[in-house]
Amino acid sequence: AIGRAIGRAYDLGSGWMAQFQHPWIGFTLWDFIQPLFMFVVGAAVPLALAKRLTDEGKAGWDYWKHVLSRIAMLWLLGGVVQCNWLTLDPLRMTPYGNALQTIAVGYFLSALVYPIRRTWLRFVLVLAGVAAYEIPLHLAGDYTMYGNWAVRFDTAIWRVILPEGNVFLDTQGWTRFSTTPVFLFLCACGMESTRLLLRRDWSSWKKAGVLFAVGLAMCLFGLLLWKVVGIPLIKHIFSASFAFLAQGLCLLSLAATYVVTDIWKFRRGTGLVLLWGQCALFAYFMSHVFAMSYVSIAERCLQGLPRLIPDARL
């Protein structure tokens, strides 16, 4: 919202405003938000769930109670934000259609994979899931909005679940069911990054170097899938090229943040960032549900501010 307002106020042009849209093919700043959020959720898994494993390293009732309670919360809030649950109108409601619910799916799958002790097996399961999704996506159909395999698969499921005339029967290119293996991949990248950072037998610089190297390799692999294999960058269906590029950028971001805050110990002035991160779910919910209330308050309390900003346009 701030970026769009700045663009309108100072006429920064279509290039700036395009960064706050979801093009069918391409990669914008707005496209990066959900993959980064899922990366962060995955990164929290070892911190939240390790202490809830049994002494034998298995997932017991305490483990799953915590996981399922978080999933229930995300699903409920997602239903309120974008699935129109509060309308009580069967033609405007859907049980599954929000980013928070997508995150819940990735979190659940990460919780299933996390107790597996063999690193190679976790990697194989995650990457096999991406391959199982991308291969039919690449071979069965095309990459147009309604011609790709993922949208056709999801549409077939929605026609069974939703009543005739429901507004969500038109997916507008967004997929949920078919893309499930990629949701695991997005969260698992964060989960494995935290596992790496928690290692006691590696130096801090080695950890940062591995994060940077893997992140760079994933970015290059995503671009290779796009330019050579012909898999376009599509956020709506989380194509493999998009997923690898997005998570590569997440790893590079984490590596840079780790160097600045944990190795160089530069943390002054980060309090607001930390507060925002700790309250991200609350901020997301409030901005989507109660945004108009904030606008009314701002219009009342800050009505004279535009007069103090040079060249600003209302």
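The numbers here are math on the coordinates, done by the rules we state, and not lab data. It should be emphasised that the depicted structure is a prediction, and the values quoted were computed from it without experimental measurement. So basically every Cβ, Gly included, is an ideal-geometry build from the backbone, and we count neighbours across all protein chains shown.
Before moving on, here are some points about what is shown:
- Highest average first, the peptides 149-162, 100-113 ordered by how many other beta carbon atoms sit within 10 Å of their residues are 100-113, 149-162.
- Note on the chain: dipole from Cβ charges, positive end direction compared against 173, 49, 98; the farthest Cα belongs to 49.
- Per-residue [θ]222 nm for the chain (sum of -39500 (n - 2.57) over DSSP H runs n ≥ 4, rounded to 500): -19500 deg cm²/dmol
- Size of electric dipole in the chain: Cβ of Lys, Arg +1 and of Asp, Glu -1, about Cα centre, debye, nearest 20: 920
- Derived scalar couplings ³J(HN,Hα) [segment 57-66; Karplus, 6.51 cos²θ - 1.76 cosθ + 1.60; whole Hz; x for Gly, Pro]: x, 9, 8, x, 5, 4, 4, 6, 4, 5
- Dimensions (Å) - segment 125-249, Cα atoms, principal axes, largest first: 58, 31, 22
- A Cβ-based charge dipole, computed about the Cα centre of segment 103-214 with Lys and Arg at +1 and Asp and Glu at -1, lands at about 780 debye.
- Segment 247-314-segment 151-216 distance, computed between alpha-carbon centres (Å): 24
- For segment 246-314, the Kirkwood hydrodynamic radius from C-alpha pairs, put into Stokes-Einstein at 25 °C and a viscosity of 0.890 mPa s, yields a diffusion coefficient of 157 µm² per second.
- Relative contact order of segment 122-274: 21 percent, from C-alpha pairs under 8 Å at least 6 residues apart in sequence.
- Loop-resident sites, segment 106-136, for trypsin sites (Lys or Arg not before Pro), counting at most 16 other Cβ within 10 Å (DSSP): 117, 118
- Distance between modelled label sites at residue 82 and residue 204, nm, 7 Å Cα→Cβ extension: 3.8
- Rel. contact order, % - alpha carbon contacts under 8 angstrom, at least six apart, the chain: 22
- Computed over the chain with a Gaussian network model linking Cα atoms closer than 10 Å, the most mobile of 223, 77, 274 is 274.
- Evaluated over segment 1-105, the Cα radius of gyration and Dmax, each in Å: 18.8, 60
- Restricting segment 219-285 to trypsin sites (Lys or Arg not before Pro) that sit in a DSSP loop and have at most 12 other Cβ atoms within 10 Å of their own Cβ leaves 265, 267, 268.
- Selection from 282, 113, 202, by position along the positive dipole direction of the chain (Cβ): 202
- Dipole moment magnitude, nearest 20 debye, segment 185-314 about Cα centre, only Lys, Arg, Asp, Glu C-beta charged: 280
- Each 20 Å bin from zero holds the following percent of Cα-Cα pairs in the chain: 27, 58, 15, 0.
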